[in-house]
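Step one of this worksheet: look at the structure below.
The values are calculated or read from the model by the stated rules, or taken from the named source; none is laboratory data. From a predicted model like this one, the values you see are computed outputs, not experimental measurements. Cβ: placed from backbone, ideal geometry, glycine included. Neighbour counts: every protein chain shown. Heavy atoms of the whole protein, side chains included, go into the accessibility calculation; ligands, DNA and RNA do not. Shrake-Rupley method; radii C 1.70, N 1.55, O 1.52, S 1.80 Å.
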Amino acid sequence: MSKGPGLFVDIGKKAKDLLTKDYTSDQKFTVSSYTGAGVAFTSTALKKGGLSTGDIAALYKYKNTQFDVKFDTDSNISTTITFTGILPSTKTIASFKVPDYNSGKLEVRYFHDHATFATTIGLNQKPGVDVTATIGTPAIAFGAEAGYDTTSGKFTKYTAGISVTKPDSCASILLGDKGDSMKASYVHYLDQQKKSAAVGEITRRFSTNENTFTVGGAYAVDHLTLIKAKLNNHGRLGALLQHEVVPKSLLTISGELDTKALEKSPRFGLVLALKP
C-alpha cells in the first residue's frame, strides 16, 4: 500500500475496472514496439460498426519528464507532458490537442501522507476549473470534487465519496451529479494476487427513482488466462476471455447480451494487443 489516501478518482475505481475494463463489442487491434532509445510506439486500429479508425502513439520518458503524443486518422494530434518533482511531492500534467486549441488543460497533483489535492484548469479564454481533495490513510479515505465554470460563475459539478480498503476487500460510496445519484460498490478478492475477485455495485438516481444493480467477477484460470463476467438487473449480460498468447501479448474476446430481448443479436468484440 502507498503511504497516502490516493487521488479522488481512485475512490470506486477498483469496482469500475472490474465491471467495465476490457469489455468491448468492437474489433480492435493494437501493436506496441520499443526502440533502444526507450521510445514506445503503439498503433491501434478500431472497427466500430461500419466505421474504421486508427491512431499511432509515441511515449518517451526522460529523467522526470514523460512525453506522450498521439496522431489519429481524423488529423488530430494529442499531446500530454507529465513532469514529476518540479516541486516536492507534486506531479504536473499538461495536455492539448491540435487543431482544437481550446482543449488544453493543466493539472497539478500534490501528494501528502494524509492528503492529496488535484487542480485542473482549462488553457483557454474562458477556462473551467476542477478541484479535488482527499484526506485519510490507505485504509480509509474521504474525498470531494468540484467543477466551476468561470464564464457563468456557476458550479458544474460537485461530488463526494468515501472508501474503505482492506487487504482482501474494498468498499466505496460516491454521491454525485450534484447530489442526484449515489453509487455504492464492494470488491472482495479471492486470492493473494488479487486476480480473482467478486464485485457488486448499486446505483440510484433520485430524480427518476431508478436503481441499477450489477454483480460481476473475475477468475484467473491460470497465470495466462482470465475470465470476467457481469450482469445487471436490466438483463444486460457481459463476458470476456483474455489470454496472454505470448509474453505481453493479450488476446481478448468479449460479448454482450440483452437477456430481456433475446430476439436481438448479441454483440461480440475482439481485441488483440501485441507488446514485444
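Miscellaneous remarks
- Gyration tensor over the Cα atoms of the range 21-156: the corresponding equivalent ellipsoid has semi-axes (square roots of 5 times the eigenvalues, largest first) of 30, 21, 18 Å.
- Calculated on the alpha-carbon coordinates, the convex hull of the range 158-276 measures out at 137 cubic angstrom per residue.
- Net +/- balance of residues flanking T82 in space, Cβ distance below 11 Å, scoring K and R +1, D and E -1: +1
- Given +1 at the Cβ of Lys and Arg, -1 at the Cβ of Asp and Glu and no other charges, the dipole of the chain around its Cα centre is 120 debye to the nearest 20.
- Whether the range 197-246 is rounded, prolate or oblate, judged on the alpha carbon gyration tensor where a/c under 1.5 counts as rounded: prolate
- Counting protein heavy atoms only, the chain has 61 percent of its accessible area on carbon and sulfur, 1.4 angstrom probe.
- Between E244 and I140, the contour length at 0.36 nm per residue exceeds the alpha carbon distance by 34.0 nm.
- Accessible area per residue in Å² at 1.4 Å probe, computed on the chain: 61
- Dividing the mean sequence gap of close Cα pairs (under 8 Å, 6+ apart) by how many residues the range 9-274 holds gives a relative contact order of 14 percent.
- Label-point separation, I56 to H114 (7 Å along Cα→Cβ), nm: 5.2
- Label positions at A184 and L123, each projected 7 Å from the Cα along the C-beta direction, are separated by 4.3 nm.
- The distance between label points at K63 and E107 comes to 2.4 nm (points 7 Å beyond Cα on the Cα→Cβ vector).
- Taking the DSSP bridge list for the chain and keeping only pairs wholly inside it, about 95 percent are antiparallel.
- A Gaussian network model of the chain, with springs between Cα atoms under 10 Å, assigns the largest mean-square fluctuation among S163, S95, S207 to S207.
- Sorting the segments 186-197, 33-44 by their mean number of nearby beta carbons within 10 angstrom, highest to lowest, gives 186-197, 33-44.
- Measuring spread by the Cα atoms of the range 95-226 yields a radius of gyration and Dmax of 18.6, 54 Å.
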